[in-house]
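What follows draws every value from the coordinates through simple rules; no lab data is involved. Computed from a predicted model, the values in this text were never measured in an experiment. Heads up, the Cβs are rebuilt from the backbone with ideal geometry, glycines too, and the neighbour counts pull from every protein chain shown.
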Amino acid sequence: MRRLFCSTLACLCLMVFGTRLEIAQSAAPQAEISADLGSCSALITVTGTAAKPIYAAKITARVQYGPFGVKKLDLEAFTGVDGQVKLTHLPETLKRPMTIHIIKDDKEETVDFDPAVRCHATFGVQLH
């Protein structure tokens, strides 16, 4: 009887902790990088040809801000398991739209972000 109780208790613990582990893995934090220059943001979702998220796609952008755009800040981040990366705290105004480069292996795409048009933009990028 004692063996039955111990094995049942062990199985129950395994089920509870196994479920918590799955929840922790599915709630992975979103990849994010901050420019610390304003309140705008850009969320980029990168997918492949089968509409599956692409992990570790490189996202680069140069923010030119200040008078005449003389100050520059280079941002670089990689997509998470969900294929997303968020560029946060971008300036509200730019001299010209910011070009965001998305690179994975030999595939590359670009998107233009203009915070004056859409301060909180969302981009879906499919790499071919």
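Each Lys or Arg adds one and each Asp or Glu subtracts one; over the other residues with Cβ under 13 Å from the Cβ of residue 34, this totals -2. For region 44-117, the alpha carbon convex hull comes to 92 Å³ per residue, rounded to a whole number. Just to confirm a number: summing +1 for Lys and Arg and -1 for Asp and Glu over residues other than residue 85 whose beta-carbon lies under 11 angstrom from that of residue 85, what do you get? Net charge around residue 85: -1. At q = 0.23, 0.31, 0.34 Å⁻¹ the log10 of I(q)/I(0) for region 51-91 amounts to -0.76, -1.03, -1.12, computed by Debye summation with a single uniform scatterer per C-alpha, solvent ignored.
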